[in-house]
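Please read through the structure below; I'll follow up with questions.
The values are calculated or read from the model by the stated rules, or taken from the named source; none is laboratory data. Note that this is a predicted model, so its numbers are computed, not measured. Please note: Cβ atoms are built from the backbone with ideal geometry, for glycine as well, and neighbour counts cover all protein chains shown. The accessibility values were calculated without ligands, DNA or RNA, using every heavy atom of the protein model including side chains. Shrake-Rupley method; radii C 1.70, N 1.55, O 1.52, S 1.80 Å.
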Amino acid sequence: MKPGHPYPLGATVVEEGVNFALFAGHAERVELCLYDDTGRIETARHDLPVNTHGVWHGMVPGLGAGAVYGYRVHGPWAPRDGHRHNPAKLLLDPYAREVLGNYLDHPDFNGHDVGNPGQPDPVDNGALAPKARVVDEAYDWGDDAPPDTPWAETVIYEAHVKGLTMRHPALPPELRGSYAGLAHPALIGHLKRLGITAVQLLPIHAHADEPRLQRAGLSNYWGYNTLSFFAPEARYWSGQGGTPLSEFRDAVKALHAAGIEVILDVVYNHSAELDAIGPTLSLRGADNKSYYVLDSQGEYENWTGCGNVLNLGHPRVIQLVMDSLRYWAATCRVDGFRFDLAPILGRTPRFSDSAALLSAIAQDPLLGRLKLIAEPWDIGPFGYQLGRFPPGWAEWNDQYRDTMRRFWLHDGVTRGQFAQRLAASSDLFQHDARKPWASINFVTSHDGFTLTDLTSYNRKHNLANGEHNRDGHNQNQSWNCGVEGPTADEGIALVRHRAQKALLATLLLSHGTPMLLAGDELGQSQGGNNNAYCQDNDTTWLDWGTGEGLHTEFIGELIQLRRLCPALIAGEWWQGEAVDGGFPDVAWFNPSGEPLRPHDWEDNAGRALGVKLAGFFLVLINASANQVPFRLPPGCWRVRLASTEDRDSALHQGECRVAARSLTVLIEDACEPGLFASPFYSEEQP
């Protein structure tokens, strides 16, 4: 070997061969092991000859792309001091661009000796261990131009690559469940019909299935158990040519061509090595003390609930995350990231919005301009940080989710609480020059009930997960409308359908950034499972049926309406005052047509209110169990859309009768005649 260079980390093809660089700050020696194409037979072994500030490096002349390799790291075994080096275990390069093989639940991955936990396990696992393949892959982006959709105009669609495409009838069987399926015109056409501007994909980083799941015959379907922060998950590759990386880039390019951005759900809070008895796969064997947060006894902190926490205050771990983010942004041209358990990114150990990693992201000229979304909670001390991320970030707003569920499906929500969430939760986000789009509004997500199940089940039904129904949330604010699960009762089906449409309409007519869950437009049910993370089957694969969905046309109409309303897409906080000498951006009133008074705002029995946006956009909301007549403002109003399937919503002598548990949208017809012609309930005012 030649000395090579300490940067960049990972395996890099250079003119003379391949340069290898691995951070292992407490190591005494690092061996590079080369394998044949199958990854089963070791063909050569070299010591990395140079250690530069904890980075071991060397260059193998004559080697090129496609080479398969792993590392063996020699150093102290002293768990109480944080050290778990064990050269008997072949390690995956933390910078692996492609992973060959999968982690198998096997005792040979134990870094410790099960019979004597204080000692390292001596069994060599080289033949079984996942390995890295050297990647040097050019790609022709052609005239690709990222859509760069303004935040205020963004509508997010959260989806799983496999679940979205696995059962789509228009996709060739060989493309189902793959990145190539995501790029198929039939799939993209559906997204366009909905009006989606951004697809947010559940994790596509290569991941491992936890031992418990493997023993139960299950797998980590969601993928929140990262094995490599740089390699695309090969299980979503169709194998119809190219590589997992090229196929994923093809999908990004196709979505961009349709004006749709791609946001990746990423997991930088923990790794697949789990707790102290978890497998030794990569980081643990390279430099356990540097990569993980440990207590004074060398035990793993567990602020994630997954067994370990990455030490995101360490310079090299920050570098790992930053290099990974830049790789996906530059090499794959993704448009943003959603960060799982994001308070971990700012823990020092308590959360700080100016923590090193958050500051590094903010100043980065590439990453700082992308869409950055936080899941603003973890299970550590002071782990709930909703509204506390820096300017430039958006956040999942669970307060919005819970308030809207309670308003439409239960009671106890005042008009003031409802309006606060409808108005982008200004109590949480209107500070430090943050904008309304910082609130990611959602009613359902991958984590919890689907929309159909939200209105069909009072209780979770998670027995299939193998945890005796202990997993998943218990407080879902759901309502089965009278019967638990599916029913042939037409009356109950009507109530459920109406409630679903009211929730969808509220979501897409709220200030802030709306996020839809893939499949809700199709009536997707998971049989009451509200934690289907391990269900890689028909439970989670979208059932496209014979058509394209129960609510597809309705959602498309709502998104079109959203785009027509300046108060929803202007990107500024509502003031309730006239804008540029015109109408107020928002006005609130009661069913009698009078402005809401102080006691109206605080009355949690008041289930009806009206919202007038930009002077010509009228939203009438009735969450009560009875029809409510609304007195309309002066003008020629046209019913543009209603969440009912019948004609209970009607205009008559200056009033609009709004059916129970429903929402009606009216447009001032004089603003631009003909613009708002609608296939929905278009009654002329007498």
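Inside region 402-456, counting only helices (runs of 4 or more DSSP H) that do not spill past its ends, which hold 1 or more residues that are open to solvent by less than 10 Å² (accessible area, probe 1.4 Å) and closer than 20 Å to Ala660 by Cβ? Show your work before the answer.
Details: elements: 415-422, 426-429, 451-454.
In region 402-456, the matching helices (runs of 4 or more DSSP H) lie at 415-422, 451-454.
Going through Ser359, Ser296 one at a time, which residue ends up being surrounded by fewer than 17 Cβ atoms within 10 Å (Cβ to Cβ), without any contact (Cβ under 8 Å) to a residue 24 or more places away in the chain and part of a helix (DSSP H, G or I)? Steps first, answer last, please.
On the way: Ser296 fails: part of a helix (DSSP H, G or I).
Result of the check over Ser359, Ser296: Ser359.
Shifting gears a bit: Looking only at residues that are part of a loop (DSSP other than H, G, I, E, B) and closer than 17 Å to Ser510 by Cβ in region 595-635, which one is modelled with the lowest pLDDT?
Residues of region 595-635 part of a loop (DSSP other than H, G, I, E, B): 596-597, 603-607, 614-616, 623-627, 632-635.
Okay, now just the ones that are also closer than 17 Å to Ser510 by Cβ, so 614, 623.
Values: Ala614: 90, Ala623: 96.
This residue is Ala614.
Can you tell me which condition Gly259 does not meet? The list is (1) farther than 21 Å from Gly223 by Cα; (2) in contact with a strand residue (DSSP E or B) (Cβ under 9 Å, 6 or more places away or on another chain), and all the others hold.
For Gly259, the exception is condition (2).
Another question, then. Working carefully through the options Val50, Val60, Val55, Val68, find the one that is hydrophobic (A, V, I, L, M, F, W, C) and open to solvent by 30 Å² or more (accessible area, probe 1.4 Å). Let's see the steps before the verdict.
Values: Val60 fails: open to solvent by 30 Å² or more (accessible area, probe 1.4 Å); Val55 fails: open to solvent by 30 Å² or more (accessible area, probe 1.4 Å); Val68 fails: open to solvent by 30 Å² or more (accessible area, probe 1.4 Å).
The match here is Val50.
Another question, if that's okay. Restricting attention to region 259-279, and to residues there that are among the acidic types (Asp, Glu) and touching a Leu at 6+ places or on another chain (Cβ under 8 Å), which single residue is nearest to Val199 (Cα to Cα)? Don't jump to the end; show me each part of the working.
If we filter region 259-279 for residues that are among the acidic types (Asp, Glu), which is where we start, we get 261, 265, 273, 275.
Those left that are additionally touching a Leu at 6+ places or on another chain (Cβ under 8 Å): 261, 265, 273.
Working: Glu261: 6, Asp265: 10, Glu273: 29 Å.
Of everything passing the filter in region 259-279, Glu261 is nearest to Val199 (Cα to Cα).
Look at region 256-272 and say how many of its residues are surrounded by fewer than 23 Cβ atoms within 10 Å (Cβ to Cβ) and part of a loop (DSSP other than H, G, I, E, B).
Total meeting the criteria: 3.
Right, here's the next one. Just to be sure I understand, how many residues within region 373-401 are on the phi < 0 side of the Ramachandran plot and assigned to a loop (DSSP other than H, G, I, E, B)? First the steps, then the outcome.
Taking region 373-401 as the starting set, the residues that turn out to be on the phi < 0 side of the Ramachandran plot are 373-381, 383-386, 388-391, 393-401.
Okay, now just the ones that are also assigned to a loop (DSSP other than H, G, I, E, B), so 375-376, 378-381, 383, 385-386, 388-391.
Looking only at that region, the number is 13.
Only residues that are of a type in the set (Gly, Ala, Ser), within 25 Å of Pro232 (Cα to Cα) and either out of contact with any Leu (no Cβ under 9 Å at 6 or more places or on another chain) or buried (at least 21 other Cβ atoms within 10 Å of the Cβ) (or both): list them for region 103-138, please.
Correct list: Ala129, Ala132, Ala138.
Could you grab me the full set of residues in region 521-532 that are in contact with a Leu (Cβ under 7 Å, 6 or more places away or on another chain) and within 15 Å of Tyr457 (Cα to Cα)? If you could, list the steps in order and put the result at the bottom.
Narrowing region 521-532 to residues in contact with a Leu (Cβ under 7 Å, 6 or more places away or on another chain): 521-524.
Gly523, Gln524, listed by residue number.
For region 636-686, list the strands (runs of 3 or more DSSP E) that sit wholly inside it and hold at least 1 residues that are within 19 Å of Pro591 (Cβ to Cβ) and at pLDDT 85 or above; which are they?
Values: elements: 637-642, 650-652, 655-658, 662-668.
Hits in region 636-686: 637-642, 655-658, 662-668.
Another question, if that's okay. Looking at Val73, Val123, which is the one that is among the β-branched types (Val, Ile, Thr) and in a loop (DSSP other than H, G, I, E, B)? Walk me through it before giving the result.
Details: Val73 fails: in a loop (DSSP other than H, G, I, E, B).
None of the other options fit; the residue is Val123.
One line per residue, one yes/no per condition, for (1) assigned to a loop (DSSP other than H, G, I, E, B); (2) within 17 Å of Asn441 (Cα to Cα); (3) open to solvent by 60 Å² or more (accessible area, probe 1.4 Å); (4) aromatic (Phe, Trp, Tyr):
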residue: Asn469; (1), (2), (3), (4): yes, no, no, no
residue: Asn474; (1), (2), (3), (4): yes, no, yes, no
residue: Cys481; (1), (2), (3), (4): yes, no, no, no
residue: Gly485; (1), (2), (3), (4): yes, no, no, no
residue: Gly491; (1), (2), (3), (4): no, no, no, no
residue: Leu494; (1), (2), (3), (4): no, no, yes, no
residue: His497; (1), (2), (3), (4): no, no, no, no
residue: Leu504; (1), (2), (3), (4): no, yes, no, no
residue: Leu507; (1), (2), (3), (4): no, yes, no, no
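Out of Gly217, Gly223, I need the residue that is part of a loop (DSSP other than H, G, I, E, B), out of contact with any Asp or Glu (no Cβ under 9 Å at 6 or more places or on another chain) and not aliphatic (A, V, I, L, M). Which one?
On the way: Gly223 fails: out of contact with any Asp or Glu (no Cβ under 9 Å at 6 or more places or on another chain).
Gly217 is the lone residue from the list that is part of a loop (DSSP other than H, G, I, E, B), out of contact with any Asp or Glu (no Cβ under 9 Å at 6 or more places or on another chain) and not aliphatic (A, V, I, L, M).
Right, something else. Name the residues in region 11-29 that are touching a residue at least 24 places away in the same chain (Cβ under 8 Å), of a type outside the set (Val, Ile, Thr) and either assigned to a strand (DSSP E or B) or open to solvent by 20 Å² or more (accessible area, probe 1.4 Å) (or both), would you?
Result: Ala11, Glu16, Gly17, Asn19, Phe20, Ala21, Leu22, Phe23, Gly25, His26, Glu28, Arg29.
Name the pairs: first residue in region 614-627 and closer than 13 Å to Leu564 by Cβ and touching a residue at least 60 places away in the same chain (Cβ under 8 Å), second residue open to solvent by 10 Å² or more (accessible area, probe 1.4 Å) and in a loop (DSSP other than H, G, I, E, B), Cβ to Cβ under 8 Å, at least 6 apart or on different chains?
none
Does Arg97 fit the bill of being touching a helix residue (DSSP H, G or I) at 6+ places or on another chain (Cβ under 9 Å) and not aliphatic (A, V, I, L, M)?
Numbers: touching a helix residue (DSSP H, G or I) at 6+ places or on another chain (Cβ under 9 Å): yes; not aliphatic (A, V, I, L, M): yes.
Answer is yes for this residue.
Examine region 86-95 for a residue that is charged (D, E, K, R), out of contact with any Lys or Arg (no Cβ under 7 Å at 6 or more places or on another chain) and over 28 Å from Gln297 (Cβ atoms), and state whether such a residue exists. Break it down into steps so the answer makes sense when it comes.
As a first pass, look at region 86-95 and keep what is charged (D, E, K, R): 89, 93.
Within this subset, residues satisfying the condition of being out of contact with any Lys or Arg (no Cβ under 7 Å at 6 or more places or on another chain) are 89, 93.
With over 28 Å from Gln297 (Cβ atoms) added as a condition, the list becomes 93.
Within region 86-95, one or more residues are charged (D, E, K, R), out of contact with any Lys or Arg (no Cβ under 7 Å at 6 or more places or on another chain) and over 28 Å from Gln297 (Cβ atoms).
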